[in-house]
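So the structure is just underneath, and the comments pick up after that.
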Amino acid sequence: MKKYLSAVFCEFFFATGNCCPIVVGNAEYNNFKKLLFRIAEIIEISGVEKQAIQYIIDETIQADLGSAKQDDKTTTPLSEQMQMSIQERVRLAIRVTIARKLTEHAYRPFSVRLAESHLLQHFCLIDRIDKIQVPSKSTLERYEKMLPEKIIREMNTILLKAAISPEIETEENRLKLEESISLDEYFADSTAVKANIHYPVDWVLLRDATRTIMQAVKLIRDQGLKNRMDDPADFMKAINKLMIEMTHAKGKKDSKKKRKQIYRLMKKLLRKVALHGLKHQKLLKSRWEETNLTKKKANLIIARIENILTQLPEAVRQGHERIIGERFVKNDEKILSLYDKNIHVIVRGKAGAKLEFGNTFFLAEQADGIILDWKLYQEKVPADSKILKESIERLEEEYDNYTPLSATTDRGFFSKTNQKYLKGKGIKDYMCPRSVTELQDRLKEDDFCEHQKRRAQTEGRIGIVKNSFLGNPSKGKSFNSRNLSTAWSVLSHNLWVLARLPEADVGEKEKIA
C-alpha cells in the first residue's frame, strides 16, 4: 500500500511540476532544476536506457545458464518481477552516474548531497513518500562500473541519432530541438588525461614498494601468521628518513656523492623488505585457512605483494642507472607507477605542461559542441596524424556509413597520407598545414580561416570535459577505470549540451504553463 501511494504521489508531483520545493530568489538553482528536468526528458525520449537494460538482462541470463550448467541443473526464465528489478537498478545506475558527473563530486560527497537534495532524488528516481534509500559511496562506484565502455558508446550514438533523425509525420527531431544537430562539420583535437599518480621520481618508487609490502605484511601478522622481523612501522620510518635525506642532499656540496650513498642504503633496506614480504606471502599461501580472511581477500593480499616483488628489481635498476650510474633511461623503459602499467610519458611542450604522465585522449566534436567521437588510448600513440583515419572509420560504423562534409584539425594531424585519405572520401580538408608557406597560402581562403577560427573552441571543449566532467587528473587507479570514466563523462557532457540547446515551440509551452 505504501509503495502504491508513493508511486501515485510521485506521478502526480511530476505531472504538476511540484516534485521539489519551490525556491524563490535563486536563479542558479532554478536553472539547474530546469537543466535536470530537460536531461531527464531527453533520456526518456531518446531511449538510451533501453540498451543498457537489455545488456544487463542478457548478462544475467548468461550468468544463470553458466551457473546451472556448472551445477548440472535446469534454468528457468527470468520472471517479470526480476526484469522489473533489473530495469529499476540500471535506470538508477545511469541517473546517479550522470548526476555525479554534472555536479562534479566524488563518490562520498555526492552520496551526502543526494541524501539532502530533493531535486537530485527526483532526477535519480528515488524520491518516495515513505522512505528514501540513497546509494552509498561504494554502491555509486559499483553502479558506474556496471556497464562496459562499449555499451556507453552505443548509448551516446543512440542519443545523437535521436537529435538528428526527423520524425516522418512532423519532420522534427525526436528530442524536440528547435533545430536538428548536424554532423557535417568535424573538429578534432587531442590532449593528455593525467593519471592519478605522484611525479615518478626514482627513489619514490622504492618508498611506494616499501609502503605496500609492509602494509600487506601487517595485515598478515594481524591474523596471527608471523615470521621473525622488526615492527613493519620501523621499515616505514627508515625509508621515510632516507627520503628526507635524499631530498635535502640536492643542491649541497658533494650532492651527487651523498645521493649515491643514500640510494645504496635504500637498496640495502629494500632487500630486507622484499625478503620479509616473500616469507609472509608464503605463510599466507600455505596457512590462510587459519585466519579470519576469506579466500578472495587472502588472494588480494598475495597478489599485492606479488605485484611489487615482480617489479622491484627493475625499479631498483632504474634508479641505479640514473643516480649511481648517471646514465639516461629511455621513457619506454621506465616504470612510472608500480600500480598502473598503462601510463606513458606524453610530451606536450606547453607552458606548465611540457611533460604529462597518463594516456592520450582524442576528441572530435560537431559545430554545436556535441562530441561525436572519442578514444582514450591504452598504448602510446606515435603521432596525432595516425588517429584521424580510424576516427572517421568509427563514425562511419556507428552512424550508418555517414561521413562528415569537412574535417578541421590543428597542425599535429596534418600529413600527406591524411590529405589523400580525406580527398578520397570527398571530405573538405581544413587541416592546418605544418609548412609556413603552405599555411600562408591557405589563410587566403575564407572557408579555411572560418573553420580554423571555430576549431579554437575545441580547445575549450577539451578543457570542459577534462576539468568539469572527467577530473584533472582522472581519479581512476587503472586504465580500465579511466576509460570507463571518460565514456560516462562524454555521455553526460552531450546530455548537458543538448539540454541547453533551444527547444522547439518554447513560446507555446510557456503560454500553456
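List of remarks:
- Condition met for residue 248 (surrounded by fewer than 15 Cβ atoms within 10 Å (Cβ to Cβ) and either at negative phi or more than 35 Å from the chain's Cα centre (by Cα) (or both)): yes
- Condition met for residue 97 (in contact with an Asp or Glu (Cβ under 9 Å, 6 or more places away or on another chain), assigned to a helix (DSSP H, G or I) and either among the hydroxyl-bearing types (Ser, Thr, Tyr) or modelled with pLDDT under 95 (or both)): yes
- The one condition from (1) exposed (fewer than 12 other Cβ atoms within 10 Å of the Cβ); (2) modelled with pLDDT under 90; (3) within 18 Å of residue 127 (Cβ to Cβ) that residue 44 does not meet is (2).
- Filter result for residue 123 (free of Cβ contacts under 8 Å to residues at least 40 places away in the same chain, crowded, with 19+ Cβ neighbours inside 10 Å and among the hydrophobic types (A, V, I, L, M, F, W, C)): no
- Test for residue 323: is it at pLDDT below 95, buried (at least 18 other Cβ atoms within 10 Å of the Cβ) and not assigned by TED's automatic domain parsing to the domain that holds residue 228: no
- Looking only at residues of the range 172-211 that are over 28 Å from the mean Cα position of the chain (by Cα) and hydroxyl-bearing (Ser, Thr, Tyr), we find that the one that is surrounded by the fewest Cβ atoms within 10 Å (Cβ to Cβ) is 180.
- Summed over the range 473-485, the residues that are surrounded by fewer than 17 Cβ atoms within 10 Å (Cβ to Cβ) and touching a helix residue (DSSP H, G or I) at 6+ places or on another chain (Cβ under 9 Å) give a count of 2.
- Subset of the range 104-120 [at pLDDT 95 or above and polar (S, T, N, Q)]: 111
- Subset of the range 51-81 (residues that are part of a helix (DSSP H, G or I) and either touching a residue at least 12 places away in the same chain (Cβ under 8 Å) or surrounded by 14 or more Cβ atoms within 10 Å (Cβ to Cβ) (or both)): 51, 52, 53, 54, 55, 56, 57, 59, 60, 61, 64
- Checked against the criteria, residue 315 does not count as within 30 Å of the chain's Cα centre (by Cα) and either under 20 Å from residue 227 (Cα atoms) or hydroxyl-bearing (Ser, Thr, Tyr) (or both).
- The residues listed here are 209, 216, 238, 192; of these, the one that is small (Gly, Ala, Ser) and assigned by TED's automatic domain parsing to the domain that holds residue 476 is 192.
- From 441, 505, residue being closer than 30 Å to residue 41 by Cα and among the charged types (D, E, K, R): 505
- Residue ranges of strands (runs of 3 or more DSSP E) in the range 331-425 with at least 2 members surrounded by fewer than 17 Cβ atoms within 10 Å (Cβ to Cβ) and either without any contact (Cβ under 8 Å) to a residue 60 or more places away in the chain or outside the structural domain of residue 467 (by TED's automatic domain parsing) (or both): 344-350, 353-365
The values are calculated or read from the model by the stated rules, or taken from the named source; none is laboratory data. These numbers come from a predicted model, not from an experiment. A quick note on method: Cβ atoms are made from the backbone with ideal geometry, for glycine too, and the neighbour counts reach across all protein chains shown.
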